[in-house]
Amino acid sequence: MAVGNDVVLRVEGISKTLSGKPILDHCTLEVRRGELKVLIGPSGAGKSTLLQCIDCLIPPDSGDIWLEGEKLDPHNTRKLCAFRAQVGMIFQDFNLFDHLSAEENVAIALRKVRGLSKKEAKDRALEELGRVGLARRALLYPAQLSGGQKQRVAIARALAMDPKVILLDEPTSALDPELVGEVLAVIRDLARGGMTMIMATHQMDFARALANEILFMERGKIIEQGAPETLLAEGSNTRTRDFCTRLLEMGE
Ligand SMILES: Nc1ncnc2c1ncn2[C@@H]1O[C@H](COP(=O)(O)OP(=O)(O)OP(=O)(O)O)[C@@H](O)[C@H]1O
Ligand SMILES: [Mg+2]
């Protein structure tokens, strides 16, 4: 994996209270170019909220976010849009436009945000769909695609924007078990190709094999952080290892 020293994304001291309840408590992390950081932790720990705060879909109450050294000013709408265009977001439930074909789902932001012509956007969309193994499905609509195919369209859509970093929120947890592998294979290829990513997941074999670091979250805090081989080492007395053992016992 091509890991450089340069920090692509830095998130410092992000806190968030929702309905009077503290959900995130001073979360700090950074991702260097080409790194994959995997966010794990029990349900309700705050993983989705953290990823959405990083993209300012949920505005954090406090804390700072830097992209390639530039601090985000979430009140500057133009800069926020520019920031979002450089940060890909993949959700559990795909978030595709149902009335658009796979190709149009990928092309629409290229036209509306990047200002590409119809032809340019279509060519780029086809190229990205090819990259996720869906070149022959370009004209199909979401209702005609499997869950795994839909998630791959969502990944192609993110890739088409040339993101500096991609945030993935449990990208395989809505899929039937037999479809998980095809989506993980695409993400694995992106990681090997040097894409910078933060991914919340319960897929521990994937995390163990590919993550540069695991971040373990509990009750809104990142309480452990380290290389998978360290946090998951046999005999290591970490919350991460304890959590994974329990996941295995539950048959996940
Ligand atoms: N709008 C909201 N108002 C109040 N509480 C909320 C709101 N959104 C989320 N929460 C709470 O925030 C906590 C963190 O939720 P979040 O979805 O970030 O957890 P998660 O780690 O992603 O869990 P999962 O593994 O189930 O996806 C939960 O306790 C949830 O109930
Ligand atoms: Mg979640």
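The values are calculated or read from the model by the stated rules, or taken from the named source; none is laboratory data. What you see is a predicted model, and the numbers here were worked out from it, not measured in a lab. Methodologically, a virtual Cβ is constructed for each residue, glycine included, from the backbone with ideal geometry; neighbour enumeration extends over all protein chains shown. Side chains included, ligands, DNA and RNA excluded: accessible areas come from the protein's heavy atoms. Shrake-Rupley method; radii C 1.70, N 1.55, O 1.52, S 1.80 Å.
Output the residue which, of all residues in segment 23-53 that are closer than 16 Å to Met195 by Cα and assigned to a loop (DSSP other than H, G, I, E, B), is nearest to ligand 2 (Cβ to nearest atom).
Applying the filter and picking the extreme gives Glu35.
Cβ-Cβ below 6 Å, separation at least six or inter-chain, first residue in segment 89-101 and over 13 Å from Leu167 (Cβ atoms) and more than 12 Å from ligand 2 (Cβ to nearest atom), second of a type outside the set (Lys, Arg) and open to solvent by 80 Å² or more (accessible area, probe 1.4 Å): which pairs?
Sorted first by the residue in segment 89-101, then by its partner, the pairs are Ser101/Leu139; Ser101/Tyr141.
What residue, of Arg192, Arg219, is open to solvent by 50 Å² or more (accessible area, probe 1.4 Å), modelled with pLDDT of 95 or more, in contact with a Leu (Cβ under 9 Å, 6 or more places away or on another chain) and under 26 Å from Val11 (Cβ atoms)? First the steps, then the outcome.
Numbers: Arg219 fails: in contact with a Leu (Cβ under 9 Å, 6 or more places away or on another chain).
The unique qualifying residue is Arg192.
What do you reckon, is Leu110 within 22 Å of the chain's Cα centre (by Cα), closer than 18 Å to Cys81 by Cα and within 16 Å of ligand 2 (Cβ to nearest atom)?
Details: within 22 Å of the chain's Cα centre (by Cα): yes; closer than 18 Å to Cys81 by Cα: yes; within 16 Å of ligand 2 (Cβ to nearest atom): no.
Against the criterion (within 22 Å of the chain's Cα centre (by Cα), closer than 18 Å to Cys81 by Cα and within 16 Å of ligand 2 (Cβ to nearest atom)), Leu110 does not qualify.
Regarding Asp61, is this residue surrounded by fewer than 22 Cβ atoms within 10 Å (Cβ to Cβ), within 15 Å of ligand 1 (Cβ to nearest atom), closer than 28 Å to Arg246 by Cα and among the acidic types (Asp, Glu)?
Details: surrounded by fewer than 22 Cβ atoms within 10 Å (Cβ to Cβ): yes; within 15 Å of ligand 1 (Cβ to nearest atom): yes; closer than 28 Å to Arg246 by Cα: no; among the acidic types (Asp, Glu): yes.
In short, no.
For Gly130, indicate whether it is open to solvent by less than 50 Å² (accessible area, probe 1.4 Å) and part of a helix (DSSP H, G or I). It would help to see each step written out before you state the result.
Numbers: open to solvent by less than 50 Å² (accessible area, probe 1.4 Å): yes; part of a helix (DSSP H, G or I): yes.
In short, yes.
Specify the residue that is nearest to ligand 1 (Cβ to nearest atom); the eligible residues are those in segment 4-22 that are open to solvent by less than 30 Å² (accessible area, probe 1.4 Å) and more than 20 Å from Met197 (Cα to Cα). Talk me through it step by step, then tell me what you get.
Taking segment 4-22 first, the residues open to solvent by less than 30 Å² (accessible area, probe 1.4 Å) are 4, 8-9, 11, 13-16.
Filter again for more than 20 Å from Met197 (Cα to Cα), leaving 15-16.
Details: Ser15: 13, Lys16: 9 Å.
Only one residue fits best here, namely Lys16.
May I ask you to verify whether Leu39 is away from ligand 1 (no atom under 14 Å from the Cβ), in contact (Cβ under 8 Å) with a residue 60 or more places away in the chain and of a type outside the set (S, T, N, Q)? Can you show your working first?
Working: away from ligand 1 (no atom under 14 Å from the Cβ): no; in contact (Cβ under 8 Å) with a residue 60 or more places away in the chain: yes; of a type outside the set (S, T, N, Q): yes.
No: the conditions fail for Leu39.
Among the listed residues Ile198, Ile187, identify the single one that is assigned to a strand (DSSP E or B) and at pLDDT 95 or above. Write out each step before concluding.
Working: Ile187 fails: assigned to a strand (DSSP E or B).
When all the criteria are applied, what remains is Ile198.
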